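First comes the structure, then the notes that go with it.
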Amino acid sequence: MQSLIEHARSFRRQCEDRAEFARLAEGQSPQVLFITCSDSRVVPALITGARPGELFELRTAGNIVPPYASGHPSGEVATIEYAVEVLGVTDIVVCGHSHCGAVGALVRQEDLDAVPAVRDWLVHATPRPEGTVEDPAVADAVRNHVLTQVLRLRSYPGIDRRLSEGAVRLHGWFYEVHTGTVLTHHADSDTFQAL
Ligand code: ZN
């Protein structure tokens, strides 16, 4: 922790007198909502090279997009709604990753009774993603899981309308934490291919 504190303490000096940071006070207009796992190995700005103000992020355990339900307050739904309705993002990326603990727990049907909040959250990810139980990277399962979340985004009322208008695009990504490779889903062939 101490090295992180030291960096945060000195960060201000890196930002001083830089117009890029001064402009951030005027507001944000990111074009992309980036939904990914809370996993510490996934660093969206590092992967994409995004600068401050370019990515609106939603991070959840297992990059799960919960079902849209009005009347049930949800930080995840609120974040997505704000990105779409207020910021007007044009692209939404759901980025799953290799060796995902959440997806692995689902595929292997691990006993999560010791972490009931995690257990109950993962239930949102049903149906359980299909994939090879023996694969430590759970690659197939994560890819299937990503597509399930993309499909769920389509059920959000604001997104469904914008999709039909061509105002928003959805992307399913798979990131390999051990190689840095990013694959994207191609709908025409229903395959994940390198970006
Ligand atoms: Zn994960």
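The values are calculated or read from the model by the stated rules, or taken from the named source; none is laboratory data. Nothing here was measured: the structure is a model prediction, and the numbers come from that model. A quick note on method: Cβ atoms are made from the backbone with ideal geometry, for glycine too, and the neighbour counts reach across all protein chains shown. Just so you know, the surface numbers come from the protein's heavy atoms only, side chains and all, with ligands and any DNA or RNA stripped out. Shrake-Rupley method; radii C 1.70, N 1.55, O 1.52, S 1.80 Å.
If I take every Cα pair under 8 Å that is 6 or more residues apart in the chain, average their sequence separation and divide by the length, what percent do I get for the relative contact order?
On the way: 290 pairs, mean separation 39.4, N = 195.
Contact order relative to length: 20 percent.
What percentage of the solvent-accessible surface of the stretch 28-194, computed with a 1.4 Å probe over protein heavy atoms, is contributed by carbon and sulfur atoms? Let's see the in-between values first.
Details: 4290 of 8310 Å².
Roughly 52 percent, rounded to a whole number.
Could you state the angle between the C-alpha long axis of helix 139-154 and the longest principal axis of the C-alpha atoms of the chain, as a value from 0 to 90 degrees rounded to the nearest 10?
70
Can you classify the stretch 61-144 as rounded, prolate or oblate using the Cα gyration tensor, where a ≥ b ≥ c are the square roots of its eigenvalues, rounded means a/c under 1.5, and otherwise it's prolate if a/b beats b/c and oblate if not?
Working: a/c = 2.91, a/b = 1.56, b/c = 1.87.
Here the stretch 61-144 falls in the oblate category.
Taking a point 7 angstrom from the Cα of residue 90 along the C-beta vector, which residues in the stretch 33-60 have backbone N less than 13 Å away?
Those under the cut-off are 33.
Heavy-atom accessible area per residue, the chain, 1.4 Å probe: how many Å²?
Roughly 56 Å² per residue, with all protein chains present.
What is the stretch 1-115 by shape, rounded, prolate or oblate, if you read a ≥ b ≥ c off the alpha carbon gyration tensor as root eigenvalues and call it rounded for a/c under 1.5, prolate for a/b larger than b/c, and oblate otherwise?
Values: a/c = 2.26, a/b = 1.37, b/c = 1.65.
Cα axes put the stretch 1-115 in the oblate bin.
Could you work out the longest stretch of the chain that avoids the GluC sites (Glu not before Pro) located in DSSP loops with at most 16 other Cβ atoms within 10 Å?
Between exposed loop sites, the widest span is 55-109.
Please name which of 75, 87, 183 has its Cα lying farthest along the dipole of the chain towards the positive end, using unit charges on Cβ (Lys, Arg +1; Asp, Glu -1) and the Cα centre as origin.
Looking along the dipole axis, the top candidate is 87.
Among the trypsin sites (Lys or Arg not before Pro) in the stretch 26-124, which ones are in a DSSP loop with at most 14 other Cβ atoms within 10 Å of the Cβ? Mind listing them? Working shown, then result.
Details: sites: 41, 59, 108, 119; in loops: 41, 108.
Within the stretch 26-124, the qualifying trypsin sites (Lys or Arg not before Pro) (loop, at most 14 other Cβ atoms within 10 Å) are 41, 108.
Among 40, 155, 74, which one shows the biggest mean-square fluctuation in a GNM of the chain, springs joining Cα atoms closer than 10 Å?
Highest fluctuation among the options: 40.
Is the stretch 106-171 best put as rounded, prolate or oblate by its Cα gyration tensor, with a ≥ b ≥ c the root eigenvalues, rounded for a/c under 1.5, and otherwise prolate when a/b is larger than b/c, oblate when not? Spell out each step's value before the answer.
Details: a/c = 4.07, a/b = 1.83, b/c = 2.23.
Note, shape of the stretch 106-171 comes out oblate.
Dipole of the stretch 28-194, Cα-centred, from +1 at each Lys and Arg C-beta and -1 at each Asp and Glu C-beta, to the nearest 20 debye? Provide the component values of the computation, followed by the final result.
On the way: 12 positive and 20 negative charges, 61 e Å.
Approximately 300 debye in magnitude.
Roughly how many debye, to the nearest 20, is the charge dipole of the stretch 1-98 about its Cα centre, given +1 on each Lys and Arg Cβ, -1 on each Asp and Glu Cβ, and no other charges? Please list the in-between numbers first.
Values: 8 positive and 12 negative charges, 69 e Å.
The dipole magnitude comes to about 340 debye.
How many nm is it between the label spots at residue 119 and residue 29, if each spot is 7 Å from the Cα in line with the beta carbon?
Label-label distance for residue 119 and residue 29, simple model: 4.9 nm.
How would you order 95-102, 66-73 from highest to lowest mean count of nearby Cβ atoms within 10 Å? Let's see the in-between values first.
Values: 95-102: 23.8, 66-73: 10.8.
So the order, starting with the most tightly packed, is 95-102, 66-73.
Among DSSP bridges having both ends in the chain, what percentage is antiparallel? Round to the nearest 5.
Working: 7 of 25 bridges.
DSSP beta bridges in the chain are roughly 30 percent antiparallel.
Can you tell me the convex hull volume per residue for the stretch 28-194, based on C-alpha atoms, in Å³ to the nearest whole number?
On the way: hull volume 19.9 nm³, N = 167.
Normalising the Cα hull of the stretch 28-194 by residue number yields 119 Å³.
Top mean-square fluctuation among 139, 125, 117, Gaussian network model of the chain, C-alpha springs under 10 Å?
Comparing 139, 125, 117 in the GNM, the peak value goes to 117.
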